Amino acid sequence: NGFDIALAYDFLYFHPEWTLDKRNIIHSTLKTSIKQALMVLDENSASMWHGRFQLACSNWVVACAFDPLTDEDMRLLARSQAYFLEAIKAISITGGWPEGYNYWINNRAYSFAVACLAHLNSIDDEQTNNQVRQAIETAGLWMIYGTRPDGLFHLFGDSGPRNDLKDETQRVVDLICLATRNPVFSKFS
């Protein structure tokens, strides 16, 4: 639940009722979440597409909401970013989700889009941000190119029962539009 806690913390950070003690509790919770994710990412138990990608993206969102207070905290941030950038490289190589649209849109696309936006809005590194922007644009174009005229996504790979573009697709495309500023995504949305 670190992803949810991070988003809530980020939204509520400047709320007047958030005392230093409350912030310290959340800081500790986020730090624990980051450490737990990094333990899994440091090992080889999670597969690239069904585990590492999702965990790296979600963990990066948590890391972006985390306030680094110590050198250890900064190292946790750096390690989290490195794993997120591995996910960026992986999706850049494939150009889309290799396991079928159902897995992408129902479990991975949203955390990927939020992680990309978190990177673009929190890291001042033009070259790396261009790589992130290119990766999210490529994934978004893959979503458009895979859409058939009847509004369904072209089936391939280990596609699940849903290949329609309901619910999750529009919010993900909207986030991709925010990240890229490419008008093709606002038109598609």
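The values are calculated or read from the model by the stated rules, or taken from the named source; none is laboratory data. Note that the structure is predicted; figures quoted are calculated from it, not measured. Every residue, glycine among them, receives a Cβ derived from its backbone with ideal geometry; neighbour counts consider all protein chains shown. When the accessible area is computed, the model is the full protein with side chains, heavy atoms only, and any ligands, DNA or RNA have been set aside. Shrake-Rupley method; radii C 1.70, N 1.55, O 1.52, S 1.80 Å.
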Report task. With an 8 Å cut-off on Cα pairs and a minimum separation of 6 or more residues, tell me the relative contact order of the chain in percent. Result -> 20 percent
**Report entry** Hydrodynamic radius (Kirkwood) for the chain, which is based on Cα pairs only, to one decimal in Å
**Finding:** 17.2 Å
Query raised in the report: What are the DSSP H helices in the chain that stretch 20 Å or more along their long axis, judged by alpha-carbon atoms, and whose average Kyte-Doolittle hydropathy comes to at least -1.0?
Result: 20-42, 71-94, 126-145
Query raised in the report: Counting alpha carbon pairs within less than 8 Å and at least 6 residues apart, what relative contact order, in whole percent, applies to region 74-141?
Result: 46 percent
Requested in this report: Mind checking the per residue accessible area of the chain for me, 1.4 Å probe, whole number of Å²?
Outcome: 53 Å²
Report summary line: The FRET efficiency for Gln127 and Asp10, from their Cβ-Cβ distance with R0 = 25 Å and rounded to 0.05, is 0.45
Requested in this report: Using only alpha carbon pairs under 8 Å that are at least six residues apart, calculate the relative contact order of region 14-118 and give it in whole percent.
Outcome: 32 percent
Query raised in the report: Can you give me the Cα centroid spacing of region 96-157 and region 4-59 in angstrom?
Result: 21 Å
Report task. Take the chain, connect every pair of alpha-carbon atoms lying under 10 Å apart with a spring to form a Gaussian network, then pick out the residue of Phe112, Phe53, Phe156 with the largest mean-square fluctuation. Result -> Phe156
